[in-house]
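Student: Let me begin by handing over the structure; questions about it come next.
The values are calculated or read from the model by the stated rules, or taken from the named source; none is laboratory data. None of these values were measured; they are calculated from a predicted model. FYI the Cβ positions are ideal-geometry reconstructions off the backbone, even for glycines, and counts take in every protein chain you see. Surface accessibility is based on the protein's heavy atoms, side chains included, excluding ligands, DNA and RNA. Shrake-Rupley method; radii C 1.70, N 1.55, O 1.52, S 1.80 Å.
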Amino acid sequence: MTRRRAILSGSTFEERIGYARAVVDGDRVHVSGTTGFDYATMTISDDVVEQAEQCLRNIGVALAEAGCGFADVVRVRYLLPDREDFEPCWPVLRRCFGQVRPAATMMVCGLADPRMKIEIEVEARRADPAG
């Protein structure tokens, strides 16, 4: 029987919209599109690189709660309203994913709030699904 568990970050968006930061389903971890909001203060930087760093901190917390980390990520999706903002983020993204080399996609699209400059979604596979 597959064990399914929701992970909540405390973001007000989760309650208002009706979703979880991440869902653990057996050995799979699905992390929702995550933006650069600091969930403790519900503030967001104007700088895309700082937003990318905060996205990854938020994702890292969810992965840790799920019993895994960035080394377990198999898929990443980057969503940005402005394609020119992607390249400045590469060094930050490479720090997390450079050795892991997950499958990746970057899409240009509108985001839910005009302050958001990047959103990152990941899927990971836990080595120990019972953990």
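Student: For Arg94, work out the one condition from (1) in contact with a helix residue (DSSP H, G or I) (Cβ under 9 Å, 6 or more places away or on another chain); (2) open to solvent by 20 Å² or more (accessible area, probe 1.4 Å) it doesn't fulfil.
Tutor: Against the list (1) in contact with a helix residue (DSSP H, G or I) (Cβ under 9 Å, 6 or more places away or on another chain); (2) open to solvent by 20 Å² or more (accessible area, probe 1.4 Å), Arg94 comes up short only on (1).
Student: Shifting gears a bit: Tell me whether the range 81-104 contains one or more residues that are touching a Cys at 6+ places or on another chain (Cβ under 8 Å) and modelled with pLDDT of 95 or more. Please lay out each step first, then the result.
Tutor: Within the range 81-104, the first condition is being touching a Cys at 6+ places or on another chain (Cβ under 8 Å), and the residues that meet it are 81.
Narrowing the set further to residues that are modelled with pLDDT of 95 or more leaves 81.
Yes - at least one qualifying residue is present in the range 81-104.
Student: OK, next. Do you know which of the residues in the range 38-61 that are hydrophobic (A, V, I, L, M, F, W, C) and free of Cβ contacts under 8 Å to residues at least 60 places away in the same chain is farthest from Tyr78 (Cα to Cα)?
Tutor: Of the residues in the range 38-61, the ones hydrophobic (A, V, I, L, M, F, W, C) are 40, 42, 44, 48-49, 52, 55-56, 59, 61.
When the remaining residues are screened for being free of Cβ contacts under 8 Å to residues at least 60 places away in the same chain, the result is 40, 42, 49, 61.
On the way: Ala40: 23, Met42: 21, Val49: 13, Val61: 18 Å.
The qualifying residue farthest from Tyr78 (Cα to Cα) is Ala40.
Student: Hand me the list of strands (runs of 3 or more DSSP E) wholly inside the range 1-63 holding 2 or more residues that are open to solvent by less than 40 Å² (accessible area, probe 1.4 Å).
Tutor: Details: elements: 4-7, 22-25, 28-35.
Fully inside the range 1-63 and qualifying: 22-25, 28-35.
Student: Here's another thing I want to ask about it. Residues being without any contact (Cβ under 8 Å) to a residue 12 or more places away in the chain and either under 14 Å from Ile7 (Cβ atoms) or among the hydroxyl-bearing types (Ser, Thr, Tyr) (or both): count how many of those fall in the range 70-89. Even if it seems obvious, please write down each step before you answer.
Tutor: Of the residues in the range 70-89, the ones without any contact (Cβ under 8 Å) to a residue 12 or more places away in the chain are 84, 87.
Narrowing further to those that are either under 14 Å from Ile7 (Cβ atoms) or among the hydroxyl-bearing types (Ser, Thr, Tyr) (or both): none.
Total satisfying the criteria: 0.
Student: When the residues of the range 74-87 are narrowed to those that are among the hydrophobic types (A, V, I, L, M, F, W, C) and open to solvent by 10 Å² or more (accessible area, probe 1.4 Å), which ends up nearest to Val108 (Cα to Cα)?
Tutor: We begin by selecting, within the range 74-87, every residue among the hydrophobic types (A, V, I, L, M, F, W, C); these are 74, 76, 79-80, 86.
From the residues that got through so far, the ones that are open to solvent by 10 Å² or more (accessible area, probe 1.4 Å) too are 74, 79, 86.
On the way: Val74: 21, Leu79: 6, Phe86: 10 Å.
Among those that are among the hydrophobic types (A, V, I, L, M, F, W, C) and open to solvent by 10 Å² or more (accessible area, probe 1.4 Å), it is Leu79.
Student: What residue, of Ala71, Ala124, is open to solvent by less than 40 Å² (accessible area, probe 1.4 Å), more than 22 Å from Val48 (Cα to Cα) and either at pLDDT 95 or above or in a loop (DSSP other than H, G, I, E, B) (or both)? It would help to see each step written out before you state the result.
Tutor: Numbers: Ala71 fails: open to solvent by less than 40 Å² (accessible area, probe 1.4 Å).
After applying the criteria, what remains is Ala124.
Student: Thr12 - would you say it is hydroxyl-bearing (Ser, Thr, Tyr) and modelled with pLDDT of 95 or more? If you could, list the steps in order and put the result at the bottom.
Tutor: On the way: hydroxyl-bearing (Ser, Thr, Tyr): yes; modelled with pLDDT of 95 or more: no.
When the stated conditions are applied, Thr12 does not pass them.
Listed here are the residues, each with its yes/no results for (1) under 12 Å from Ile120 (Cβ atoms); (2) in contact with a Lys or Arg (Cβ under 8 Å, 6 or more places away or on another chain).
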| site | (1), (2) |
| --- | --- |
| Arg5 | no, no |
| Ile17 | no, no |
| Gly26 | no, yes |
| His30 | no, no |
| Met42 | no, no |
| Ala62 | yes, yes |
| Gly69 | no, no |
